[in-house]
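**Q** What follows is a structure written as C-alpha cells; I'll ask about it next.
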Amino acid sequence: MMTIQFSRILKIFSLILVNTAVATTLIAGESGPVDEDALKKAWPSDGPVGELFHEVAGSLRCPTCTGLSVLESDARFSQQIKQIVLEQVEAGKNREEILQHFTERYGPWILRSPPPRGFNVLAWLMPLTILLLGPPAVWFFVWRKRRVMNTLGVRSADDIIKEMHGRLKEMQT
Amino acid sequence: MIYLAVFIGIILIAVLLAPFWFGPGGLLQAGSSINSATELGALKEALLKRYVDDEKAFKAGHLSATSWEQRQSFLTNRYIDAARRLDFLQHTQPSRGAE
Amino acid sequence: MLADLGFYLLLMCLISTCYGVVSAVLAAVWRHRRLYRSSRLALTASCAMSVSAAIMLWYMFFNRDYSVAYIFKTSSNDLPQVYTLTAFWSSLEGSHFLWTLLLCSYGTIALWTYSKDNEHIMPYVSASIQAVLGWMFYLLLSHSDPFLRLFPARPDGQGMNTLLQNPYMAIHPPTLFTGYTALAIPAAYSVAALCYGDITEGWLKTTRRWTLYAWCALTAGIILGGHWAYVELGWSGYWAWDPVENSSFIPWLFCTALLHSLVVQDKLGHLKRLTLILAFLAFFFSFFGTFITRSGVISSVHSFAESPIGPNYLAFLAGMLLVVAVIYGFRAPSILPPEADKAWGVSKESALVITQFLLLTLAAIVCVGTLYPIVSEAITGERTTVQAPYFNTFAPWIGLGLVVAIALGNMMRYQTSKMPGGPKLMAIAAAVAVPLTAALVIGGDVMSTKKPFNLGAQLVGLFLCAWSTACLTGDLWQRLQDLRFNLGLFFSRNLAYFGGYLAHIGLLIAIAGFLGNYRGLQKIATLTSGETIDFYGYQLRFDEIREVQKDNATLYQGALDVSRAGAPIGAIKPARSRYPTSSNLNHEVALMSTFWHDLYVTLSDFDRENGRKATFELHINPTVRFVWIAAFVMVIGGLIAMFDRYRGNKSRDAIRAAI
C-alpha cells in the first residue's frame with residue numbers, strides 16, 4: 001500500500017516540478033490547488049506525538065508552494081506528506097529517521113534548510129563568517145585607518161565660512 | 001494612424017530641439033571640478049563679489065528676503081566647494097597651488 | 001489600433017531616452033546648458049508618452065479589448081471595475097510597464113525639482129536615469145510587450161489571477177515599485193557625484209530626501225504585501241522568507257543602512273564613499289530582486305534559459321555593475337576625504353557604523369539564503385531548499401543586536417564617549433521596562449509558550465524592546481529639557497530627530513510583534529450544524545454553509561457565531577470562493593482582531609451535499625496588530641524626517657549664526 005502511494009506521489013511530483021518552473025512569474029506565495037475531495041484531518045498538536053509531528057512537518061517543505069512548510073499548507077501533496085509523517089511518528093521513529101526517510105526519497109530538496117553536509121556547509125558558514133569577521137574588518141578599514149589617514153589639507157566647512165566672512169568684512173570696509 | 005504617428009514624432013523632435021532656441025543658454029553652473037588653482041581662486045573672488053552685490057541689492061530692496069536667503073546659501077555652498085577643492089589641490093600639488 | 005499607437009509611443013520613449021542619454025553625457029562634458037535642458041525634456045517627453053500609453057492600456061482594459069494578448073491573459077468580462085484597474089499590473093508585462101512608468105515619473109520629478117546647488121551634476125543624473133530607462137523600454141518592447149496583439153480577438157479573457165483579486169493587491173505593487181524606483185534617484189546622484197568627482201554641499205540634502213521617500217514607500221509596500229499574504233493566502237502568517245519577499249527586503253536593508261550612512265556623512269563628513277556604494281547597491285538590489293523573481297531562475301537554473309528575459313536582465317545587471325565599478329575605480333580617489341582627522345572610538349558615529357554592519361550582514365544572509373539554491377544547483381547539481389528555518393537561525397540574533405544598538409546609539413553623542421545622563425537613563429529605562437514587559441507578557445499570553453528556549457528568548461527579547469523604547473523616550477525627554485520644553489523650537493529644528501525617534505519606536509514595536517508571533521495556537525475542527533467548539537476562551541458555534549454571490553465570485557460561507565465567556569461578540573464568515581475563470585477554491589479568511597491577538601479562521605473543507613458539516617482551521621495569532629501599527633508609525637516617522645529643512649544645510653545654519 002505504501003509503495004502504491006509513493007509511486008503516485010512521485011508522479012504528481014514530477015508533474016508539479018514542470019509546473020512550478022512555468023508558474024513562477026506569479027507575484028507571491030501561491031498555495032497549490034486544493035483537492036476538493038480530500039477530507040481535512042485534525043492533525044495532533046499536543047502531547048509528545050503532536051510536538052514531534054509539528055517539528056518534523058515544520059521542517060519539510062510544501063512541494064507546491066513557495067516558502068511554506070507542509071505543516072502550514074493544505075495542498076493535497078502536503079496533506080499526504082503529513083499523513084506519512086504522522087504514521088511514522090506513531091510508529092515510534094525519531095526526527096532524524098523520518099527526515100532521513102524523506103531525504104532518501106526526494107533528495108535534500110524536501111528539507112526546508114539544507115543539511116550542513118558537503119557543499120551545503122558553505123551556506124551555513126557564510127553568515128557565521130560575516131558575523132565573526134565583520135567587526136574586525138570594520139575596525140581595520142574604518143576606525144584604524146582614519147587615525148593614520150591624512151585629511152589632505154582640506155579645512156572644515158566651518159573654517160571656510162569663517163574665512164569667507166572675514167573676506168566679506170574686508171571687502172565691505 | 002500614420003499621420004498621428006508622424007505628428008507625434010514631429011512634436012517630440014520640436015520639444016527636444018526647443019531649448020536650443022528658447023530659454024537660457026550658456027554654460028552650466030561650474031562646481032568645484034575646476035582643477036586649476038588660479039581658476040578656483042578667481043571663482044572664490046567672483047563669488048564674494050556677487051555676495052556683496054546681492055547684499056547691496058537686498059538692502060536696497062531689489063531682492064526679496066526669501067530669494068536673498070536662497071542666494072546666500074547658494075553662494076556660501078559654492079564658496080565652500082571651491083575652497084575645499086583649492087585646499088585639496090594646494091595640498092596634493094604644492095607647486096601648482098603656490099602659483 | 002489603440003494598441004499599435006501604445007506600442008509606437010513606447011518606441012518613441014525608447015528613442016527619446018536614448019537621445020536623452022547621449023545629450024546628457026555631452027552636456028556634462030561640454031557643460032552645455034541648452035543641451036542639458038534638451039536632455040531633461042527628453043525624459044519629460046518619455047514620461048508624458050509612457051503615461052499616455054498607460055492610459056491607453058487602461059482604456060482598453062475597461063473596454064475589454066481582448067485583441068491585446070496581455071488583456072486577454074489577465075482580465076475577463078466578469079472582472080469588477082476596481083480589479084480591471086489593477087489587472088494592469090497583475091502579470092509580468094504590466095508590472096514591468098508600471099516599473100518603467102514610475103521610474104520615468106520620479107526621474108522627471110527629480111530633474112525638475114533639482115536644487116541649484118546641484119546644477120553641475122544634473123547632466124550625469126539625467127544620463128544615469130535615462131540609461132536605465134532606455135534599457136527598460138527596450139525590454140518592454142522586445143520581451144514583455146504589453147501591447148502585443150492577439151489574432152483573432154476572443155470574446156472573453158482568461159481572467160485575472162484570483163489570488164490577486166484583493167484590495168491590498170491594488171496598492172501593494174505600486175507602493176513597493178515606488179520604493180524601488182525612487183531608489184534610482186539616490187543611485188543616480190551617487191553615480192553623478194562619482195562622475196563629477198566630488199560630493200558637494202547640496203548633494204546630501206537631495207539624496208537624503210529621496211532616500212527617505214524610497215524608504216517610506218518600501219516599508220509601506222513590504223508590510224502591505226505581508227498583509228495581503230495574511231488575509232488572502234490563508235496560512236495564518238504574513239512573512240515566509242520566500243524569494244519574492246526577500247528580494248524586497250534586501251533593498252530595504254540597504255536603504256536603511258544608507259540612511260544611517262548619510263547621517264554620519266551629514267554630521268561629520270565621514271563615510272562618503274560608503275554612502276555612494278550603498279546608494280548604488282540599494283538600487284542595484286531592487287533590480288536584482290526583480291531579475292531573480294521574474295526570470296524564473298529561482299525555481300531552477302534550467303528554467304532561466306527558457307525565457308529570453310532572464311539572460312537580458314543578467315546582461316544588463318552585469319553591465320550596470322561593471323560600468324559603475326569602473327567609474328568608481330577611476331573617480332573615487334577624487335572624492336574628498338572628511339574635513340578633519342578625527343578618531344572614532346566609542347561614540348555615536350561608531351554606533352551608527354555598527355548598526356550599518358548589522359543591517360548589511362542581515363542583507364548578506366538573506367541574499368545568500370535566497371541565492372544558495374541556484375548556486376548549489378549550478379555547482380553540485382543537487383537541488384536544495386532554503387526556507388524560513390535557515391533565516392530564522394540568524395535573523396533574530398541580528399534583530400536583538402539592532403534593538404540594543406538602537407538604544408545605545410541614540411543615547412550617545414557624536415565624537416565623544418560621554419553619554420550625558422546615560423547610566424542614569426539606562427537604569428531608569430530598565431526599571432520602566434519591567435512593568436512594560438509584564439504588560440506585554442500578560443497581554444500577549446507569552447507564558448503559555450511550551451518550549452523553554454522559545455519562552456526565554458521571548459522574555460529577553462520583549463524586555464530588551466521595552467528597555468530600548470524607554471531609553472529612546474528618555475533621550476527625547478532629555479533633548480526637550482535642553483530646549484526648556486520649547487516645542488515650537490523643537491519641531492522647527494529637530495524634525496529629523498523626531499522622525500527618527502518615531503521610526504525607531506516603530507521598529508521596536510514591530511520586533512515586539514514578531515516575538516509575540518512566535519507562539520501561535522491552532523486547532524483543526526470538524527463541526528456539524530449547531531455544534532459549538534471551545535477555543536482559547538472563544539466559543540464558536542457553526543450554523544451552516546451558505547452560498548453567496550459577491551461580485552464575480554461565488555462564496556461558500558461557513559457562518560460562525562462567536563462568543564467570549566458566554567457573551568456573544570459577533571459573527572465571522574470564513575469562506576471558500578470560486579471564481580468563474582478558475583477551478584480552484586480560494587480562501588476567504590475571517591478575522592476577529594483584538595489589540596493583543598487575532599482570531600484567524602479559515603474554512604478548509606465542507607460538506608458539499610447539504611452544507612451541514614464543515615472543517616475549520618482556527619488560529620490565535622498574538623500581536624499581529626503590532627506589526628501593522630509599527631509599519632504605520634515607521635512610515636509616519638520617515639515622512640516627518642523628510643520635511644526637516646535643516647538637515648544637510650549645515651552651511652546655511654552656520655551663515656545665519658555668523659551674521
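The values are calculated or read from the model by the stated rules, or taken from the named source; none is laboratory data. Here the structure is a predicted model, which is why all the values come from computation and not from measurement. Cβ coordinates were reconstructed from backbone atoms using ideal geometry, including for glycine residues, and neighbour counts include every protein chain displayed. In case anyone asks, the SASA skips ligands and DNA or RNA and just uses the protein heavy atoms, side chains included. Shrake-Rupley method; radii C 1.70, N 1.55, O 1.52, S 1.80 Å.
**Q** Taking R0 as 56 Å, what FRET efficiency do you get between residue C:486 and residue C:607 from their Cβ-Cβ distance, rounded to the nearest 0.05?
**A** It comes to 0.25.
**Q** If contacts are Cα pairs under 8 angstrom and at least 6 residues apart, what is the relative contact order of chain B in percent?
**A** Computed value for chain B: 34 percent relative contact order.
**Q** With an 8 Å Cα cut-off and a minimum separation of 6 or more residues, compute the relative contact order for the stretch C:521-622 in percent.
**A** This gives 27 percent for the stretch C:521-622.
**Q** For the residue pair residue C:58 and residue B:10, what label-to-label distance in nm results when each label sits 7 Å from Cα along the Cα-to-beta-carbon direction?
**A** Each label point is offset 7 Å from its Cα along the Cβ direction, giving 3.0 nm.
**Q** Under the rule of at least 5 residues apart or a separate chain, name every residue whose amide H is placed under 5 Å from the amide H of residue A:113.
**A** It is C:387, by chain and number.
**Q** Now, a different point. Taking the Cα centre of the protein assembly as shown as the origin, how large is its charge dipole in debye, to the nearest 20, when only Lys and Arg (+1) and Asp and Glu (-1) carry charge on their Cβ atoms?
**A** 2940
**Q** Residues of the stretch C:173-216 with backbone nitrogen within less than 17 Å of a virtual label 7 Å along the Cα-to-Cβ line of residue C:643, please, listed as ranges.
**A** Flagged as within label range: C:209-210, C:212-214, C:216.
**Q** Continuing with the same structure: May I ask for the accessible area buried between chains B and A, both sides summed, probe 1.4 Å, to the nearest 100 Å²?
**A** 1500
**Q** Let me ask something else about it. Scan the stretch C:555-619 for GluC sites (Glu not before Pro) in coil per DSSP, keeping those whose Cβ has at most 14 other Cβ atoms within 10 Å, and list them by number.
**A** Answer in residue order: C:609.
**Q** Pop the C-beta distance of residue C:478 and residue C:593 into the FRET formula with R0 = 30 Å and round what comes out to the nearest 0.05.
**A** The computed FRET efficiency comes out at 0.25.
**Q** Compute the distance in nm between two label points, each set 7 Å from the Cα along the Cα-to-Cβ direction, one at residue C:447 and one at residue A:46.
**A** According to this spin-label approximation, the distance is 1.9 nm.
**Q** For the stretch C:337-416 and the stretch C:506-522, write down the distance between their C-alpha centroids in whole Å.
**A** The stretch C:337-416 and the stretch C:506-522 have Cα centres spaced 20 Å from each other.
**Q** Kindly provide the trypsin sites (Lys or Arg not before Pro) of the stretch C:533-633 that DSSP labels as loop, not H, G, I, E or B, and whose Cβ sees at most 12 other Cβ atoms within 10 Å.
**A** C:608
**Q** When the Cα atoms of the protein assembly as shown are enclosed in a convex hull and the volume is divided per residue, what value in Å³ results?
**A** Value for the protein assembly as shown: 190 Å³ per residue.
**Q** Same structure again: For the stretch C:109-121, in order, what is each residue's ³J(HN,Hα) by Karplus, 6.51 cos²θ - 1.76 cosθ + 1.60 with θ = phi - 60°, in whole Hz (x at glycine and Pro)?
**A** Along the stretch C:109-121, the couplings run 4, 4, 6, 8, 9, 5, 8, 4, 5, 9, 4, 5, 9 Hz.
**Q** Another one. Amide H neighbours of residue C:598 under 5 Å, at least 5 residues apart or on other chains, H built in the peptide plane: list them.
**A** C:621, C:623, C:624
**Q** Over chain C, what is the relative contact order in percent, taking alpha-carbon pairs closer than 8 angstrom and at least six residues apart?
**A** 12
**Q** Still on this model: Determine the distance separating the Cα centre of the stretch C:221-243 from the Cα centre of the stretch C:537-564; give it in Å without decimals.
**A** Between the Cα centres of the stretch C:221-243 and the stretch C:537-564 lies a distance of 23 Å.
**Q** Could you tell me the calculated FRET efficiency between residue C:375 and residue A:97, based on Cβ-Cβ distance and R0 = 45 angstrom, to the nearest 0.05?
**A** It comes to 0.90.
**Q** Further, regarding this structure: Can you list residues from other chains, or at least 5 along the same chain, whose modelled amide H is less than 5 Å from the amide H of residue C:616?
**A** Amide H neighbours of residue C:616, under 5 Å, 5+ apart: C:525, C:526, C:527, C:604.
**Q** Further question: For each pair in A:162/C:272; C:450/C:523; C:450/C:573, compute the distance between the two Cα atoms and list the pairs where it is over 27 Å.
**A** C:450/C:573
**Q** Using θ = phi - 60° and the Karplus form 6.51 cos²θ - 1.76 cosθ + 1.60, what ³J(HN,Hα) does each residue of the stretch C:11-24 get, whole Hz, x for Gly and Pro?
**A** Result, rounded to whole Hz: 4, 4, 4, 4, 4, 4, 5, 4, 4, x, 5, 4, 5, 5.
**Q** In sequence order, what are the phi-derived ³J(HN,Hα) couplings for the stretch C:472-479 according to the Karplus relation 6.51 cos²θ - 1.76 cosθ + 1.60 with θ = phi - 60°, rounded to whole Hz, with x for glycine and proline?
**A** 4, 5, x, 5, 4, 4, 4, 5
**Q** Grab the Cα-Cα distance for residue C:632 and residue C:583, subtract it from 0.36 nm times how many residues apart they are, and report the gain in nm with one decimal.
**A** Going from the current span to full extension adds 13.9 nm.
**Q** Work the Kirkwood hydrodynamic radius out for the stretch A:71-119: mean of 1/r over every pair of different alpha-carbon atoms, inverted, in Å.
**A** 11.7
**Q** Which Cys residues of chain C have no other Cys Cβ less than 4.7 Å away and so no disulfide-compatible partner by this rule?
**A** Isolated Cys, chain C: C:13, C:18, C:195, C:216, C:255, C:367, C:465, C:471.
**Q** If I model a spin label as a point 7 Å beyond the Cα along the Cα-Cβ vector, how far apart are those points for residue C:521 and residue C:78 in nm?
**A** 3.9
**Q** What is the percent of Cα-Cα separations in chain C that go past 38 Å?
**A** That tail contains 41 percent of the Cα-Cα pairs.
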